Amino acid sequence: MDSGNIMDSDSGNRTTLSRSAVRASGGEKQERSLVTRQELIDAARRIFARDGFEVARLQDIAAAAGKTRGAFYAHFQDKEDVFFAIFEQDIARDQQTYLKELNQSSTYEERVAILVRNLEDIIYDKDRVLLYLEFKMYAVRHPHKRKRLAELHLLMCTRGAAAKLALLPELQSDDAGEQRSRTAQFGLVIDGIALNHYFDPVGLNKEQTRERIESSVRSLMAPKSSWRKTVFYDRYAAREPEL
């Protein structure tokens, strides 16, 4: 018989429930847990945007989500952990938006245009790009954490970029080291252009920003023969994540 006994918390008596009902109850609990986790992530985005990553407090994130500190720790170890959850969701959203376009592209110019739009979307999402910059500055200010956070960040970037790079015929001959290096350079483009655009939007206006992005994309899609000659490749290609 598809049934089982559970204890009634009020009367102390055992109540017979179908196993399907027990499974349904477990499914509802898991769903509530996922909802809570997402509410904490959304709250963290707001608190990071309001206060900055360095000074953001876990209790403020929990309160903004209408949860307790205990609920936060049930899902995340610390604010670094919730940052990577945000980062992972951002990568997934980018992939959902742009992988289909890249898969349907048939020319080099189409692929350049798609990547330029992708980088523009990231750069002009001010809260997102400032959070990325603040997280890196946080890691720099805490030397004992920097190496671990930098390696984890680069590893996530590389994994996230793998599907995108696989759809670029120009980069099909890349090995793992070259992919890591190209991925790191894309991050350099985003950070450098975004920071200078928001610092001096007149000196680096939207038209100039787009020109810099397109120039960088074309450079990063250069053949491997020329890519190997760069100092950046020599420095990053052989690196392995040390977590």
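Quick look at the values:
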quantity: Unique residue being surrounded by 17 or more Cβ atoms within 10 Å (Cβ to Cβ) and over 20 Å from Ala184 (Cα atoms) when the list is Leu115, Leu119, Leu58; calculated: Leu58
quantity: Segment 60-78, subset outside any helix (DSSP H, G or I) and not small (Gly, Ala, Ser), residue nearest to Val35 (Cα to Cα); calculated: Lys67
quantity: Residues being in a helix (DSSP H, G or I), of a type in the set (Lys, Arg) and modelled with pLDDT of 60 or more - total across segment 1-57; calculated: 6
quantity: Checking Gly66 against (1) surrounded by 12 or more Cβ atoms within 10 Å (Cβ to Cβ); (2) modelled with pLDDT of 95 or more; (3) farther than 30 Å from Ile213 by Cβ, the condition it does not meet; calculated: (1)
quantity: Residue among Tyr132, Tyr98, Tyr138 that alone is part of a helix (DSSP H, G or I) and under 13 Å from the mean Cα position of the chain (by Cα); calculated: Tyr132
quantity: Identity of the residue in segment 23-55, among the β-branched types (Val, Ile, Thr) and exposed (fewer than 15 other Cβ atoms within 10 Å of the Cβ), that ends up farthest from Leu133 (Cα to Cα); calculated: Val35
quantity: Selection status of Leu133, closer than 26 Å to Thr209 by Cβ, at pLDDT 95 or above and among the aliphatic types (A, V, I, L, M); calculated: yes
quantity: Residue satisfying all of: in segment 96-110; surrounded by fewer than 17 Cβ atoms within 10 Å (Cβ to Cβ) and polar (S, T, N, Q); nearest to Lys164 (Cα to Cα) among these; calculated: Asn103
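The values are calculated or read from the model by the stated rules, or taken from the named source; none is laboratory data. What you see is a predicted model, and the numbers here were worked out from it, not measured in a lab. All Cβ positions, glycine included, derive from the backbone under ideal geometry; neighbour counts span all protein chains shown.
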